[in-house]
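Some notes on the structure that comes next.
The values are calculated or read from the model by the stated rules, or taken from the named source; none is laboratory data. This is a predicted model, so every value here is computed, not measured. We place every Cβ from the backbone using ideal geometry, glycine too, and count neighbours over all the protein chains shown.
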């Protein structure tokens, strides 16, 4: 079953996007706000990778201050302190800034000015200096004195002599310097003064890396911008590559689109935690027997060649039903539909079939068993469980009933056939034994149309939260899930699962609306979330699964009642090893946020160490879940060192749960 899992979201104040360079500055060094994909080498390497080095850092911001940069200069003024705060969190040490502005020979303020001539860290002093970053005429030509600005920064700023201090120039510009051969008798000062090779040599001697941001330009100068863009790219690439720096090229529309998707994200509060290493994860695994869960992948019940994953597709709904039933059982872990779809597409592309395809799928998804079958006229469903090591079928069943009853049929057959596979048979017997059968294998409904809508909504919600919230794919799946759950509620208004699905969908839609700056839509969605959650809680006793009842009650007490102590107590119970695997993971996820101060909890309840313990549990025991992927991104897990680099947890949900 899906839950309140929200990807980091973006927000545009008043619905208006920020200047592109402002969006870049807010995402370059922020694990919370950075785009999840590296578009067109959004960077040849990731700025976060370079910035993650610990120790002091001196940055000279060198900016083209001419009229063609008007919008981007406003972006620099708006976002510089936020960028510095991101860097301080990422590096864990001092970050000091100087500012150099270059223009052209005809500018009223001259070729170059230095509003911040020393490396400083005080935000207010930086803000005062940056206010002088105002556009002036770039006449007589589109070309600017980039080389003069760089030379000023390299040679005249008081760089530290300490080799342990990192030194950067962060260059913002939309136009190239003059060509070395350029000359005009009418404008004798409009010329190239310092060659690239000299600038590179001077920077290298001081250990300065030159990082470049190729900015967009105004509509007024777009023709000149396009004519010179190739030259600007070549100069910036040369300066960066030969000093160990990088280039972010904002001239590419696809990069601007990626940044627009995360621009102007709220400036979250953060809770620092102690670093996490592989040693911590290994210790947790040893203490909790984390590897003992049975791992299963369920495929839509149709041939691989024609396999489809739409939530309302009958073959996919069989997989959704089996997945939901298996996930409600302790000691079993089921792959997400997005993981399954990804690997099936690869198998299809490689032309694998039969037992070879089964072994390949199981190996790539690291599961012990695959459940797969066909829809036929009579019996309606044939389902087969295959084991990984040899691709051999160990259980084969026929089922004429509702898809949500299929799991019991599969387990009953497995329990009576220990000679086929002892491990799967033992698991089936444990689940079917006594009271457990009622507890874990309850049907969602006896009404086939209602079941169909519930399965459509479940499948759509799982696919939605596996995508970036606010993306087109996620929005589409949320809309489909809402439509199906709404139909289910119309059929049975008091159905707790339908209402809980609606609550989950509404919460994620509120997050997406908030990310787009649509505060009124976000408020409406949160109102719908609370209303559906009340109904789910009122009727939760109709659900025989103790785990799901607890989850609904915990969410209700947190989001509707704001009874944080009661919610925490229930989430703690959910992490007990006797609970289903998904329930445990959900409990750890919610507690990691609550103890970090998220969800509007009283600051006196913040307990960074307990938050860290739950983060460790997720990283160690649930590495493939979307929540864990998000944690790795926030904390900047480094696969080389097997440790975290950005040891701060964002409080993402504070504002959202406060919307009334």
Residue, nearest to residue 462 (Cα to Cα), within the range 574-585, restricted to residues that are assigned to a helix (DSSP H, G or I) and touching a helix residue (DSSP H, G or I) at 6+ places or on another chain (Cβ under 6 Å): 582
Entirely in the range 606-660, the helices (runs of 4 or more DSSP H) that have 1 or more residues that are farther than 23 Å from residue 332 by Cβ and touching a strand residue (DSSP E or B) at 6+ places or on another chain (Cβ under 9 Å): 608-621, 626-635
Of all residues making up the range 226-250, the number that are at pLDDT below 95, crowded, with 18+ Cβ neighbours inside 10 Å and in a loop (DSSP other than H, G, I, E, B): 3
Residue match in the range 588-598 (condition: buried (at least 17 other Cβ atoms within 10 Å of the Cβ) and without any contact (Cβ under 8 Å) to a residue 12 or more places away in the chain): no
Selection from the range 341-370 of residues that are within 21 Å of residue 427 (Cβ to Cβ), out of contact with any helix residue (DSSP H, G or I) (no Cβ under 7 Å at 6 or more places or on another chain) and assigned to a helix (DSSP H, G or I): 358, 359, 362, 363
Only listed residue being touching a helix residue (DSSP H, G or I) at 6+ places or on another chain (Cβ under 7 Å) and either in a strand (DSSP E or B) or on the phi < 0 side of the Ramachandran plot (or both), chosen from 185, 162, 147: 147
Conditions (1) outside any loop (DSSP other than H, G, I, E, B); (2) surrounded by 14 or more Cβ atoms within 10 Å (Cβ to Cβ); (3) touching a helix residue (DSSP H, G or I) at 6+ places or on another chain (Cβ under 9 Å); (4) free of Cβ contacts under 8 Å to residues at least 40 places away in the same chain; number of the one not met by residue 204: (3)
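From the list 406, 478, pick out the single residue that is part of a helix (DSSP H, G or I), buried (at least 21 other Cβ atoms within 10 Å of the Cβ) and assigned by TED's automatic domain parsing to the domain that holds residue 542.
The unique qualifying residue is 478.
Within the range 101-129, how many residues are in a helix (DSSP H, G or I) and more than 16 Å from residue 153 (Cα to Cα)?
Matching residues across the range 101-129 total 6.
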Residues located in the range 32-57, provided they are surrounded by 14 or more Cβ atoms within 10 Å (Cβ to Cβ), modelled with pLDDT of 80 or more and assigned to a loop (DSSP other than H, G, I, E, B): 56
Per-region count, the range 266-315, residues within 30 Å of residue 513 (Cα to Cα), over 26 Å from the mean Cα position of the chain (by Cα) and not in a loop (DSSP other than H, G, I, E, B): 0
Residue check, residue 322 at pLDDT 90 or above, outside any loop (DSSP other than H, G, I, E, B) and surrounded by 18 or more Cβ atoms within 10 Å (Cβ to Cβ): yes
Members of the range 188-201 that are in a loop (DSSP other than H, G, I, E, B) and either touching a residue at least 12 places away in the same chain (Cβ under 8 Å) or under 40 Å from the mean Cα position of the chain (by Cα) (or both): 189, 190, 191, 192, 193, 194, 195
Only one of 594, 652 that is closer than 22 Å to residue 466 by Cβ and not assigned by TED's automatic domain parsing to the domain that holds residue 88: 652
